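What follows is a single structure, written as structure tokens, with notes after it.
The values are calculated or read from the model by the stated rules, or taken from the named source; none is laboratory data. If you're wondering where the values come from, they're calculated on a predicted model, not measured in any experiment. Methodologically, a virtual Cβ is constructed for each residue, glycine included, from the backbone with ideal geometry; neighbour enumeration extends over all protein chains shown.
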Amino acid sequence: MTSNNAPQNQPNEPTTQAIPAATPEAAPQAKPRKKRKGLLVGAGAVAALLIAGGIGYGISDADDDTEEVRTVSAAENRGNDSDDCDDRDGRDDRDDRGAGDSRDTAGSDVASYRDAAEQAIAEAGGRGASSVSLEGNGHEVDVELDDGGSAEVHVSTDGAMRIETEGPDRFDQDDPTLDLAALDKIFDAALAASGEAGVRDGVVDSVSASDDRGVTYEVSVRGTDGHEFDVDLAEDLSVVSTDIDD
């Protein structure tokens, strides 16, 4: 009986040897997870370095139509003696800021608006400004370029500028531009209309040229009481329509 039992135990030996075979396959499964983690950490580090280096904006705006973004320091702007920054009185517009203007607060007076527009047009190389508005510690100026493109220029009160240029779009028509020489009359008409509507001590928030039928200028006025007043003006500066936000 002993000799008959020996052959029966032999088929069980290969079965016990198959168990370790699953162990080497477990290692490759862990490798892809470690590799992906490493790639994610690496991408995050690269993004952090790019942002720290000042190029984060280019990454976030990679899908828009922006062709160029550049900056001009305050010192560079002050060193520009171009006559394009001088107004009709023969003096540099940077000397014409209103009494309420300061280094950290943009002036809401006509001279500050005109000054910002002229600086933006000169730096961007444009044919005119389609709109000017108060923005942060300066003015935001939309400049129309000769090639059909446009530039958005932020002019800080200290003279520093940021210029974001977009190329022409064949589907867009050229926007009209502001008559900067008539800016004082535009302001007077808008502020008079806002005063009649009950806006106290209003200041101009923005002024834009318009291509709407019968409307030449669109002006937004903000009152110290919190009221926002929008007025559309015709070419002769008569009031076309008004809207007040309570």
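The table for this structure:
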item	result
Elements of type strands (runs of 3 or more DSSP E) in segment 164-238, at least 3 residues being out of contact with any Asp or Glu (no Cβ under 7 Å at 6 or more places or on another chain)	203-209, 228-233
Filter pass, I163 being hydrophobic (A, V, I, L, M, F, W, C) and farther than 18 Å from S108 by Cβ	yes
Condition check for T177: in contact (Cβ under 8 Å) with a residue 12 or more places away in the chain, crowded, with 20+ Cβ neighbours inside 10 Å and in contact with a Ser or Thr (Cβ under 8 Å, 6 or more places away or on another chain)	no
Segment 211-229, subset surrounded by fewer than 18 Cβ atoms within 10 Å (Cβ to Cβ) and either assigned by TED's automatic domain parsing to the domain that holds S131 or under 21 Å from S112 (Cα atoms) (or both), residue nearest to the chain's Cα centre (by Cα)	E228
Sole exception among (1) at pLDDT 95 or above; (2) in the same structural domain as E118 (by TED's automatic domain parsing); (3) among the small types (G, A, S) for G148, by number	(1)
Of the criteria (1) assigned to a loop (DSSP other than H, G, I, E, B); (2) more than 15 Å from G107 (Cβ to Cβ); (3) in contact with a Lys or Arg (Cβ under 8 Å, 6 or more places away or on another chain), which one V153 fails	(1)
Single match in G128, G107, G148 (criterion: under 21 Å from the mean Cα position of the chain (by Cα), in a loop (DSSP other than H, G, I, E, B) and buried (at least 17 other Cβ atoms within 10 Å of the Cβ))	G107
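Condition check ((1) without any contact (Cβ under 8 Å) to a residue 40 or more places away in the chain; (2) among the polar types (S, T, N, Q)) across all residues:
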residue	(1), (2)
S133	no, yes
F171	yes, no
L183	no, no
V204	no, no
